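J.: Take this structure, written in structure tokens, and hold onto it; I'll ask about it next.
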Amino acid sequence: MTTPLLDIKNLHVRLEDDPAVEILHGVDLRIMPGEVHSIMGPNGSGKSTLAQVLAGKEDYEITEGTIAFQGEDITELGPDERANAGLFLAFQYPVEIPGVSAMQFLKAAVNAKRVAEGKDELDAAQLLKHFREKATQINVPYEMLKRNVNEGFSGGEKKRFEIFQMAVLGSVLGILDETDSGLDIDALRIVSEGVNSMRSADHGFLLITHYNRLLEYIVPDHVHILVKGKIVKSGGKEVAHELEQTGYAPFGVHEPVGA
Amino acid sequence: MTLATEPHKLDAVIDTSRDIPECQSWLNPFRDAGREAFNRLGWPDRRNESWRFTNLDALKATNFVSAVDDADISANTVGGFAIPELDDVTLVFVNGRFREDLSDAPDKLANKLGTNVTCCRLTEAICQHRESIEPFIGKLTADPDDVFTALSNASVEDGVFIRVPRGVTVDTPVHILSIATETDEPVATHPRNVIVAEEGAHVTVLEHYVTTSDDAVYLNNAVTEVFADAEAVVHHYLLEKESESAFNVSSLFAHLAEHADVHSHTVLLGGKLVRNNVLPTLAGPRAHCLINGLYVGHGDQHLDNAMRVNHAAPDCDSRQFYKGILNDQSRGVFTGRIIVDQVAQRTDAVQSNRNMLLSDDARVNARPQLEIYADDVKCTHGCTTGAVDPENVFYFMSRGLSEDVARAMLIYAFAAEGFGRMELAPVRQLLAAEMIAKLPKAQGLSIEV
Ligand SMILES: Nc1ncnc2c1ncn2[C@@H]1O[C@H](COP(=O)(O)OP(=O)(O)OP(=O)(O)O)[C@@H](O)[C@H]1O
Ligand SMILES: [Mg+2]
């Protein structure tokens with residue numbers, strides 16, 4: 001039997017600072033190697049919270065349930081340990097860090113992962129070669145690496161840089177939080193091609209999106225609808241099509257899809 | 001040389017008679033006036049606005065001597081304080097005394113700086129080039145309102161005199177390296193540098209304070225006077241890495257004539273108690289002054305920065321950018337005084353002070369003080385104090401960096417902007433490395449600047 005890449009069981013999450021606020025009320029989700037899943041849901045339904053909890057953000061407290069990554073419980077691991085185990089979160093809002101070049105940042109990140117894996121660090125020449133290959137694969141300008149992390153990047157550039165980072169780190173699970181938002185059609189195509197180029201029998205993706213549009217480029221195996229902190233419907237890619245017709249009304253939410 | 005035989009507080013030390021060579025006696029009236037000013041001003045207490053956040057009790061209680069014998073220090077040790085990759089000329093002082101044996105020889109100076117440039121120890125200028133230095137020395141400090149300036153006037157000892165003639169660009173920076181060693185008794189020294197850039201001249205000077213021992217107790221009360229004539233460009237660096245048991249008061253006075261450009265870069269890393277005064281007067285129209293600084297404290301270091309930027313002519317710009325990074329129980333002070341005289345119309349003054357506190361016990365006192373007497377003035381100022389942004393730490397950790405490395409990189413990033421303004425790449429690199437070495441748990445972090 002294959003081990004799931006990600007196995008979330010009955011996940012309840014509340015705010016660390018305000019325990020009265022529970023955001024996720026029992027989420028179940030299993031992603032097998034090679035699968036692409038999508039989560040859709042109205043604003044405020046808890047999609048980013050789920051993504052951040054998976055990445056290890058400390059603002060949230062898990063009160064019930066488990067998260068297993070490649071068969072290991074990761075709830076006690078720090079964000080760095082999860083990243084080095086192969087989990088990657090592409091942020092909805094990547095932060096700008098003036099003063100650190102993208103190059104320095106990624107060199108440190110790649111070598112941190114190698115050290116965690118018990119491998120030798122790459123030297124400068126090996127790193128540059130690796131970055132060049134990935135820049136070509138993901139179709140991002142190599143010059144981006146010379147700029148400071150996300151500083152002054154356009155919305156589209158930030159999203160492309162996130163995908164590039166995932167490729168550079170060679171993560172096996174990519175959680176993409178609204179990576180498509182704010183992209184024009186060309187950028188969407190480039191980002192999608194980048195993601196598709198990483199799809200393989202052992203990679204998995206969780207695409208958080210409001211738009212069926214993305215799912216036409218990166219075709220998901222499973223689509224889940226998250227409403228008010230619970231998955232209310234799961235199915236194949238047809239679920240996304242239906243949602244486009246009906247909106248969230250059948251789930252008791254009156255808000256246009258894609259808001 | 002005078003060696004104190006009995007305990008001497010600083011006030012008493014300046015009154016001890018010295019063997020001042022006859023050739024320096026023309027400066028005695030200036031020294032005497034300094035002594036009078038010192039007695040008149042007295043030590044500042046808390047009611048003195050300029051010293052409100054800095055307590056001098058420990059300094060006042062220390063027994064100082066005014067000089068010690070030449071320390072035994074090897075050329076190798078001195079070489080260790082060189083700035084890697086920097087092609088400079090170096091004048092070395094050990095415990096305040098000029099060390100010809102450790103400094104670059106006059107022919108190297110002439111070779112690197114040009115034969116028409118004067119660069120020598122201050123006492124040599126006082127004794128042999130009186131006509132050259134007399135119009136300048138003490139001119140910016142003659143009427144002191146601060147007790148340390150008065151003390152310096154009273155105690156002019158040695159230092160460096162640099163004069164760059166009209167239109168000459170000196171490419172090689174002058175590195176004034178002051179090394180403190182452990183001495184039997186704390187020594188108080190009063191280095192004074194006088195830098196004269198004539199019309200259109202360019203020069204870069206580094207004042208560099210280091211020690212061979214973090215246990216060494218001493219006072220360096222340094223005064224530098226910069227005269228930038230019309231169109232002159234002077235870049236001044238203060239790299240302070242004193243013993244963490246020592247006192248350092250550094251005062252940079254600058255006089256900017258028409259369209260002169262003075263850059264002051266300061267990095268405070270060492271010292272138990274440091275007071276850094278930057279006091280430019282923009283005296284000619286269209287002068288420009290950049291005041292760039294970083295103070296990095298840990299332990300119980302106290303790092304006080306007092307700016308006084310005087311706009312005394314129209315159409316001048318001043319830019320102050322100071323950042324503080326404070327850990328443990330250290331304390332930072334930033335006072336940004338800007339005085340815009342009535343004549344100084346169309347002044348454009350910017351002041352920014354940002355602080356990062358790395359621990360709950362670190363503290364900073366930041367205050368702008370604007371005195372504006374002209375009506376057509378652009379003056380912006382802002383200060384912020386915060387911790388390392390947890391969202392940024394999370395972002396870096398989510399890429400696999402440990403919390404320590406993530407924080408160190410972010411702290412470094414905070415400081416990097418200030419390094420970026422420094423023209424000399426080797427200085428940037430050295431400072432970056434030294435700053436990283438001071439950050440908690442940042443070992444192994446390598447950053448290129
Ligand atoms: N750190 C936090 N502090 C306070 N409230 C929070 C925090 N994180 C999430 N919430 C709240 O939890 C709910 C879910 O937020 P979340 O960001 O997960 O929604 P989302 O589904 O990603 O929405 P969107 O589609 O707008 O991105 C919202 O009501 C949000 O305000
Ligand atoms: Mg969201």
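J.: Summarise the partner chain shielding of B:399-412 as one whole number: the mean count of Cβ atoms from other chains within 10 Å of each residue's Cβ.
T.: Partner Cβ neighbours, averaged per residue: 6.
J.: Let me ask something additional. Using only C-alpha positions, report the orientation-averaged shadow area of the convex hull of the protein assembly as shown, nm², one decimal. Show your work: numbers first, answer last.
T.: Details: hull surface 143.6 nm².
The directionally averaged projection comes out at 35.9 nm².
J.: According to the square roots a ≥ b ≥ c of the eigenvalues of the Cα gyration tensor, what is the shape class of segment A:115-259, taking rounded for a/c under 1.5, prolate for a/b larger than b/c otherwise, and oblate for the remainder? The partial results should precede the final answer.
T.: Values: a/c = 2.54, a/b = 1.90, b/c = 1.34.
Prolate, because a/c is 1.5 or more and a/b exceeds b/c.
J.: Please report B:Trp26, B:Trp51 as a ranked list, fewest other C-beta atoms within 10 angstrom at the top and most at the bottom. Each step should come with its number before you reach the end.
T.: Details: B:Trp26 12, B:Trp51 20.
Placing the least packed residue first, the sequence is B:Trp26, B:Trp51.
J.: Let me check against my output: what whole-number percent is the relative contact order of chain A, with C-alpha pairs under 8 Å and at least 6 apart? Walk me through the numbers before you get to the answer.
T.: Numbers: 479 pairs, mean separation 68.6, N = 259.
Once divided by the residue count of chain A, the mean separation gives 26 percent.
J.: Let me ask something else about it. What does the charge count around B:Trp51 come to, taking other residues whose C-beta lies under 10 Å from its C-beta (Lys +1, Arg +1, Asp -1, Glu -1)?
T.: 0
J.: Here's something else I'd like to know. Using alpha-carbon pairs under 8 Å, 6+ residues apart, how would you state the relative contact order of chain B in percent? It would help to have the intermediate numbers written out before the result.
T.: Working: 1138 pairs, mean separation 42.6, N = 449.
Result for chain B is 9 percent.
J.: Against the longest principal axis of chain A, how steep is helix A:185-198, in degrees 0 to 90 to the nearest 10, with axes from Cα atoms?
T.: The answer is roughly 80 degrees.
J.: Something else now. Would you work out which of A:Gly56, A:Val110, A:Ala124 lies farthest towards the positive end of the dipole of segment A:3-155, given +1 charges on the beta-carbon of Lys and Arg and -1 on that of Asp and Glu, about the Cα centre?
T.: A:Ala124
J.: Quick one: what do you get for segment B:1-146 if you divide its Cα Rg by 2.2 N^0.38 Å?
T.: 1.28
J.: Taking the Cα centre as origin and putting +1 on Lys and Arg beta-carbons and -1 on Asp and Glu beta-carbons, what dipole magnitude results for the protein assembly as shown, to the nearest 20 debye?
T.: Details: 64 positive and 104 negative charges, 223 e Å.
That gives a dipole near 1080 debye.
J.: So the label point goes 7 Å from the Cα of A:Val232 along Cα→C-beta, right? Which residues of segment A:25-44 then have their backbone N under 17 Å from it?
T.: From segment A:25-44, the list is A:25-28, A:39-44.
J.: Pop a pseudo-label 7 angstrom from the Cα along the beta-carbon direction at both B:Asp361 and A:Tyr142 and give the gap in nm to one decimal.
T.: Going from the B:Asp361 label point to the A:Tyr142 one covers 5.0 nm.
J.: Debye calculation, C-alpha points only, no solvent: report log10 I(q)/I(0) for chain B at q = 0.08 Å⁻¹, in the same order as the q values.
T.: Once normalised to I(0) and log-transformed, intensities are -0.43.
J.: Just the isolated ones, please: cysteines in the protein assembly as shown lacking another cysteine beta carbon under 4.7 angstrom.
T.: Cys with no partner Cβ under 4.7 Å: B:Cys119, B:Cys120, B:Cys289, B:Cys316, B:Cys379, B:Cys383.
J.: Kyte-Doolittle mean at least -1.0 and Cα extent at least 24 Å along the axis: which DSSP H helices of chain B qualify? Mind showing how you got there, number by number?
T.: Numbers: long enough: B:403-420 (25 Å, 0.66).
Helices meeting the criterion: B:403-420.
J.: When the helices in chain B are scored as -39500 (n - 2.57) per DSSP H run of 4 or longer and the sum is shared across all residues, what 222 nm value do you end up with, to the nearest 500 deg cm²/dmol?
T.: Numbers: 11 runs with 95 residues, N = 449.
Calculated mean residue ellipticity at 222 nm is -6000 deg cm²/dmol.
J.: Let me ask another. What does DSSP give for segment B:22-284 in terms of the percent of beta bridges that are antiparallel, rounded to the nearest 5? Can you show the working numbers first?
T.: On the way: 6 of 70 bridges.
Of all bridge pairs located within segment B:22-284, approximately 10 percent are antiparallel.
J.: Restricting attention to segment A:74-145, which trypsin sites (Lys or Arg not before Pro) occupy a DSSP loop and are surrounded by at most 13 other Cβ atoms within 10 Å?
T.: Values: sites: A:Arg82, A:Lys107, A:Lys113, A:Arg114, A:Lys119, A:Lys129, A:Arg132, A:Lys134; in loops: A:Lys119.
When the trypsin sites (Lys or Arg not before Pro) of segment A:74-145 are filtered for loop state and at most 13 Cβ neighbours within 10 Å, A:Lys119 remain.
J.: Roughly how many whole Å is it from the C-alpha centroid of segment B:142-170 to that of segment B:414-430?
T.: Here the answer is 26 Å between Cα centres.
J.: Additional query: Just from the alpha-carbon atoms, what are the Rg and Dmax of chain A in angstroms?
T.: According to the Cα coordinates of chain A, Rg and Dmax are 18.1, 56 Å.
J.: Something else about it: For chain B, give the magnitude of the charge dipole about the Cα centre (Cβ charges: +1 Lys/Arg, -1 Asp/Glu; no others), in debye to the nearest 20. Kindly include the intermediate steps, with their values, before the conclusion.
T.: Numbers: 39 positive and 65 negative charges, 204 e Å.
Its charge dipole is roughly 980 debye.
J.: Shifting gears a bit: Name the residues whose placed amide hydrogens come within less than 5 Å of the amide hydrogen of B:Ala201, ignoring near sequence neighbours (fewer than 5 apart) on the same chain.
T.: Those qualifying (amide H under 5 Å, at least 5 residues apart or on another chain) are B:Gly167, B:Val168, B:Ala232, B:Val233.
J.: As an exercise, use a Förster radius of 41 Å and the Cβ-Cβ distance of A:Thr2 and A:Gln245 to find the FRET efficiency, rounded to the nearest 0.05. Please report the intermediate quantities before stating the final value.
T.: Details: r = 35 Å, r/R0 = 0.85.
It comes out at approximately 0.75.
J.: Rounded to the nearest Å, what's the spacing between the alpha carbon centres of segment B:183-223 and segment A:155-171? Just the number, please.
T.: 49 Å
J.: Write down the Kirkwood hydrodynamic radius of segment B:390-449, to one decimal in angstroms, obtained as one divided by the mean of 1/r over all alpha carbon pairs.
T.: By the Kirkwood definition, the hydrodynamic radius is 11.9 Å.
J.: Can you give the helix-only mean residue ellipticity at 222 nm for chain A, where every DSSP H stretch with n ≥ 4 adds -39500 (n - 2.57) and the sum goes over all residues, rounded to the nearest 500 deg cm²/dmol?
T.: Working: 8 runs with 90 residues, N = 259.
Helices in chain A give a 222 nm mean residue ellipticity of -10500 deg cm²/dmol.
J.: Please work out the FRET efficiency for the pair B:Thr384 and B:Asp171, using the Cβ-Cβ distance as r and a Förster radius of 22 Å; give the result to the nearest 0.05. Let's see the in-between values first.
T.: Numbers: r = 38 Å, r/R0 = 1.72.
The value I calculate is 0.05.
J.: Would you work out the charge dipole size for chain A about its Cα centre, treating the Cβ of every Lys and Arg as +1 and the Cβ of every Asp and Glu as -1, and quote it to the nearest 20 debye? Write out the running numbers ahead of the final one.
T.: Values: 25 positive and 39 negative charges, 130 e Å.
For this selection, approximately 620 debye.
J.: Give me the percent of DSSP beta bridges within the protein assembly as shown that run antiparallel, rounded to the nearest 5.
T.: Details: 30 of 177 bridges.
Here the share of antiparallel DSSP bridges comes out near 15 percent.
J.: If you don't mind, another one. Give the calculated FRET efficiency between A:Glu133 and A:Tyr217 to the nearest 0.05, with a Förster radius of 22 Å applied to their Cβ-Cβ distance. Could you put the intermediate results ahead of the total?
T.: On the way: r = 23 Å, r/R0 = 1.03.
Given R0 = 22 Å and the Cβ-Cβ separation, E is 0.45.
J.: Translational D (Stokes-Einstein, µm²/s) of segment B:190-332 at 10 °C and 1.306 mPa s when Rh comes from the Kirkwood sum over C-alpha pairs?
T.: Numbers: Rh = 15.3 Å.
In µm²/s, the coefficient rounds to 104.
J.: How would A:His12, A:His222 line up from fewest to most surrounding beta-carbon atoms within 10 angstrom?
T.: Values: A:His12 16, A:His222 19.
Lowest to highest Cβ neighbour count: A:His12, A:His222.
J.: For the pair B:Arg346 and A:Ser197, how long in nm is the line joining their label points, each one 7 Å along Cα→Cβ?
T.: With each label point 7 Å from Cα toward Cβ, the separation is 5.4 nm.
J.: May I pose another question? Stokes-Einstein D for segment B:255-363 at 4 °C, 1.567 mPa s, Kirkwood Rh over Cα pairs, in µm²/s? Walk me through the numbers before you get to the answer.
T.: Values: Rh = 14.3 Å.
Result for D is 91 µm²/s.
J.: May I pose another question? Looking at chain B, what % of its DSSP beta bridges pair antiparallel, to the nearest 5? Show your work: numbers first, answer last.
T.: On the way: 6 of 136 bridges.
Close to 5 percent.
J.: Here is a further query. Within 10 Å of each residue's Cβ, count the other Cβ atoms and sort A:Ile185, A:Ile190 from fewest upward. Walk me through the numbers on the way to the answer.
T.: Working: A:Ile185 9, A:Ile190 20.
Ascending Cβ contact count within 10 Å gives the list A:Ile185, A:Ile190.
J.: Once you put a point 7 Å from the Cα of A:Asn43 and another 7 Å from the Cα of B:Ala110, both along the Cβ direction, what distance in nm separates them?
T.: That separation, rounded to one decimal, is 7.8 nm.
Just so you know, all these numbers are worked out from the coordinates, no wet-lab data involved. No experiment lies behind these values; they were computed from the predicted model shown. When we count neighbours, we look across all protein chains shown, and the Cβ atoms used for this are built from the backbone with ideal geometry, even at glycine.
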